[in-house]
Structure formats: C-alpha cells, structure tokens
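First comes the structure, then the notes that go with it.
The values are calculated or read from the model by the stated rules, or taken from the named source; none is laboratory data. Note that the structure is a prediction, hence the values are computed from the model and not measured. Backbone-built Cβ (ideal geometry, glycine too); neighbour counts: all protein chains shown. Quick note on the areas: whole protein, heavy atoms, side chains included, nothing else; ligands and nucleic acids left out. Shrake-Rupley method; radii C 1.70, N 1.55, O 1.52, S 1.80 Å.
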Amino acid sequence: LTKCEGCTCARSLPPSAKRTWRCSRTRPSSMAMNGTPGARVCVYASSSAQTPPAFLAAAARLGSLLATGGHICVNGGGRAGGMGALNAAVASGGGDILGVIHKRWVVDECEFSVESAGKGSRMLIVDGDDLTSRKRGLRDSCDAIIVLPGGPGTWDELFELVALRQLGMSTLPICLVNTDGYYDGFLIQFRRAQADSVLKVAPETLVPAFVTVDEALAWSLRQVANGPCTMLAEAAAASRMSYRGDASDGASSAAAAVGVPVTSSTLRRFANSIDGRWVSTHVAVGAGALAFGLALGAGLAQARA
C-alpha cells in the first residue's frame, strides 16, 4: 500500500506506477486564472484515427477550455482520435495533462507526448491482463468525468461508473456530450430502462447529457465546487431498498412454489446481515435453485415410478 500524496487514504498501486498518485479526495495543484485551484477533469474519448471531424472539433474545444481555465486534463493518454485532439489542444494552450495509459499502447507507441504540454504534465503507465487498473487510475485521478463520443472502450468506462453511481458506490460526477446526437440511442435506452423499472435512478441524475462541451464543463465544475450530489445519494439508497424488496419478494415466491417454509422475518434477517449488503438477492437465487432441484427430483421420481 502506498500513501496518497494529498490525503490520509491508501491506494494499492500497480507495480508499474512509479509516479506520484493522487486519489479523488485530493485537490489538484494547478491554478485557475483567478488563483483558485483548478479541477482535475477526466475526459473519455475515442482513439480511432477515423473519428469524424465534428467529434474532433468538440474534443479540441474542450481541451482549449481546460487549458484556459487552469484545469488538469486527465485522459487515456492517446495521440489519435478524440483523445489526440483533446491533448493537442491542451498542450497548445500550455495546460497540464495527466495520461493514464496501459503499457500495451506505450509499447505500440500510441501515447501522446506529454513533454509538449505544461510542466505539470505526466504519464502514468499501468499494466495488467485487462483495462481494470487503467479505469481505476482514471477515476481515482480526477474530480469529474466528461464523456465525449467514443467506441466500446469509452462505453465500458461510462457504464462502469454509471453502475457504481446507481449502487451508491461512487459520487464522482459524470456527464455525456451528445455531439451530433451520437448518444441519442443511449439516452433512449436509459429512459426505456427506467420505464421498465430496471433502472431505479433517473437517467438525468445518473449521467446528464449536454449538447456542447461548454455546458458539460460548466456543469462538471459546479459539481466539483458543490460537493457530492445529495440527490444521487438519496436515489441510490432508495434503489438499494427497492432491490432488497424485489429480492425478498422473489425468494418468497420461489419458496412458495415448492412449499419451502421461508418466512419474511428470515428474509429480513438475511437482507440486513453482512454490513447491510443485499444478501436477500442470494436468498432469491438459492430459493430458485432449490425450487428447480426439487422439481427435477420430483420429475425423476415420477419417471422411475
């Protein structure tokens, strides 16, 4: 365990992480134009060299805004696509970049040269069999996240944090920039999920969407200034209670189907055990498995008879 530079927490760092580490509780060292601390804004964006010009323009605009505002631009450290346009604009404006990149792309020489950016710029290289360390490194190094148009890698980063926010496991602000309606399909799916009660927190609370990077950055900086979103915390708590209730109902129904005596008080005791986590979900799964096993057993007995 290595102590975070700016607070009392401890983070487990990957072996290849040799540089200074700052977790999400730590204020950045950059200074905005008015002398106040700048924010560490993480940007998820495409890495494809075929990224459409409109998406590149939005990324460049955001990079320019971050540099002018004295904010640290945290991103995946790439030099192509939306990430490349973002980093080039930050560097042109003399801003600072913190790149968090997997060793695979350093070996392939796909990283942006942070030496061309501000003096506080650096590249954090992570390793591993997948992108878990990189995604954690990006989240732990920033105060807010802005999602530009991108492919499956960007979607993976987006939905992982959306899931954490709904579960109450993160209050890190995140928003979408819906350039040219790129994320219209996602927004429709979010609304459908809410209508079908599989998404328990309002989409606009989980991940608001904006048309321009200017609006997205303004919203993100307000979230950083105002602290964790109490509305999100309340919605996440309500979501947890809802899931626990659904799981208890499911377990009772499965048990009743085969005459297994599982009382509501037993379910509540299970649901409230182990630090309040949703053990009732496991009860529901177990009851369902039991129901299947008993039905299979009865069928086999009938077959033998």
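So that you can scan it fast, the table gives a plain yes or no per residue for (1) surrounded by 21 or more Cβ atoms within 10 Å (Cβ to Cβ); (2) modelled with pLDDT under 95:
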{"residue": "Pro149", "(1), (2)": "yes, no"}
{"residue": "Leu164", "(1), (2)": "no, yes"}
{"residue": "Thr171", "(1), (2)": "no, yes"}
{"residue": "Val177", "(1), (2)": "yes, no"}
{"residue": "Gly181", "(1), (2)": "no, no"}
{"residue": "Arg191", "(1), (2)": "no, no"}
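Taking the stretch 60-79 only, how many residues are touching a Phe, Trp or Tyr at 6+ places or on another chain (Cβ under 8 Å) and either hydroxyl-bearing (Ser, Thr, Tyr) or open to solvent by 40 Å² or more (accessible area, probe 1.4 Å) (or both)?
If we filter the stretch 60-79 for residues that are touching a Phe, Trp or Tyr at 6+ places or on another chain (Cβ under 8 Å), which is where we start, we get 75-79.
Checking which are either hydroxyl-bearing (Ser, Thr, Tyr) or open to solvent by 40 Å² or more (accessible area, probe 1.4 Å) (or both) leaves us with 79.
Residues flagged as touching a Phe, Trp or Tyr at 6+ places or on another chain (Cβ under 8 Å) and either hydroxyl-bearing (Ser, Thr, Tyr) or open to solvent by 40 Å² or more (accessible area, probe 1.4 Å) (or both) within the stretch 60-79 amount to 1.
Sort out which residues of the stretch 133-154 are touching a strand residue (DSSP E or B) at 6+ places or on another chain (Cβ under 9 Å) and free of Cβ contacts under 8 Å to residues at least 12 places away in the same chain, and write them in order of number. Before the answer, list the steps.
The initial filter retains those residues of the stretch 133-154 that are touching a strand residue (DSSP E or B) at 6+ places or on another chain (Cβ under 9 Å), namely 133-150, 153-154.
Arg136 - this is the single residue of the stretch 133-154 that is touching a strand residue (DSSP E or B) at 6+ places or on another chain (Cβ under 9 Å) and free of Cβ contacts under 8 Å to residues at least 12 places away in the same chain.
Pairs needed: first member in the stretch 166-195, over 22 Å from Glu215 (Cβ atoms); second member anywhere, of a type in the set (Gly, Ala, Ser) and outside any helix (DSSP H, G or I); C-beta distance under 7 Å; at least 6 residues apart or different chains.
From residues that are over 22 Å from Glu215 (Cβ atoms), the pairs are Gln194/Ala202.
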